[in-house]
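Below you'll find the structure, written out as C-alpha cells, and then a few comments.
The values are calculated or read from the model by the stated rules, or taken from the named source; none is laboratory data. Everything quoted here is computed from the prediction, not taken from an experiment. With ideal geometry, Cβ positions are generated from the backbone for all residues, glycine too; neighbour counts draw on all protein chains shown.
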Amino acid sequence: MAKSGKRAGGKRAPGARKAPGGSLLRESKVERRTKETSVHAVLNLDAASAPDVATPIPFLSHMLEAFACHGRFGLGIRAEGDVHVDPHHLMEDCGMVLGSAIAAAIGESPGILRAGCFSFPMDGSLAHAAIDLCGRPNLIWTAELGKEPIGGTPPGLFRDFFKGLADALRATIHIEVRYKDNDHHAVEAVFKAFGRALRTAVSPAAAGTVLSTKGVIDD
C-alpha cells in the first residue's frame, strides 16, 4: 500500500525490510493493551509456518489457525481478556490487531496485487471472501448464522472480528455464506476463504506497480 497510515492502537514494529540478497521480508509485530484485553501478534506474509495461537476462546484460536494455514502465513497470536464479562472485547481486538499486523507487514513494500477473492467449500457449506486493500475500510457481511454458540462462541461475534480487522487494515472486505449445513462449517469456510483471498491480494506485482488508475492507494 502506498501509505500504511494510523492503525488500531498499540505498538507496531516496522514492516517490509531487506533480507540478505536483497529480497523483502514482509513481517510485523503488533501489540495492543487495554483495560479489557491484551493481544500480541507476530506475522510473516511470506514464510509459512505452523500457526502458534493461544486465546481464551478455543473456537477463535482454531479459526485463526485455519486462516494462517490456508493463507500460507506465519502467524503467532497471544491474547487474554475479560471473556468472563463478554467475549466481544477480545474478538474485536483480535481482529484489530490482525488487521494492523497485516498492514504493518505490507508496509511500504513494492506493488502488490491488492485484491483477491476465493470461494471455499466445507462439506455442505460454501463461503466466499473478497478483499481489496484499497485504503478504505468497509465490511459487507452477508453470513446468516444462528443464535446457538459455536464451540461456546456467540456466532454474531465473528462479524465484530472482521469489522475490527477491516477497520485496522483499511480494506474493503466482503464475506458471504452462500449456503450451509451448520454454523461451524460456515464460519470455518469463511476463515479459510479469507486466508486464500488475502494470499492473492498481498502477492507481489511488478516492482513499483501501484494497481490504481490514480497512481496511489487512497488514505
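Some notes on this structure:
- The strands (runs of 3 or more DSSP E) located wholly in the range 122-179 that include 2 or more residues which are out of contact with any helix residue (DSSP H, G or I) (no Cβ under 7 Å at 6 or more places or on another chain) and surrounded by fewer than 20 Cβ atoms within 10 Å (Cβ to Cβ) occupy 138-142, 172-179.
- Qualifying residues in the range 45-66 (those that are touching a residue at least 40 places away in the same chain (Cβ under 8 Å) and touching a Lys or Arg at 6+ places or on another chain (Cβ under 7 Å)) - the one surrounded by the most Cβ atoms within 10 Å (Cβ to Cβ): Leu45
- If the condition is being touching a Leu at 6+ places or on another chain (Cβ under 6 Å), buried (at least 24 other Cβ atoms within 10 Å of the Cβ) and β-branched (Val, Ile, Thr), then the range 78-117 contributes only Ile102.
- Condition met for Asp181 (in contact (Cβ under 8 Å) with a residue 24 or more places away in the chain and in contact with a Ser or Thr (Cβ under 9 Å, 6 or more places away or on another chain)): yes
- Evaluation of Asn138 against the conditions (1) of a type in the set (S, T, N, Q); (2) at pLDDT 95 or above; (3) under 22 Å from Lys29 (Cβ atoms) shows that the sole unmet condition is (3).
- Set side by side, the residues Ala48, Ala101 differ, and just one is under 23 Å from Glu188 (Cα atoms) and at pLDDT below 90, which is Ala48.
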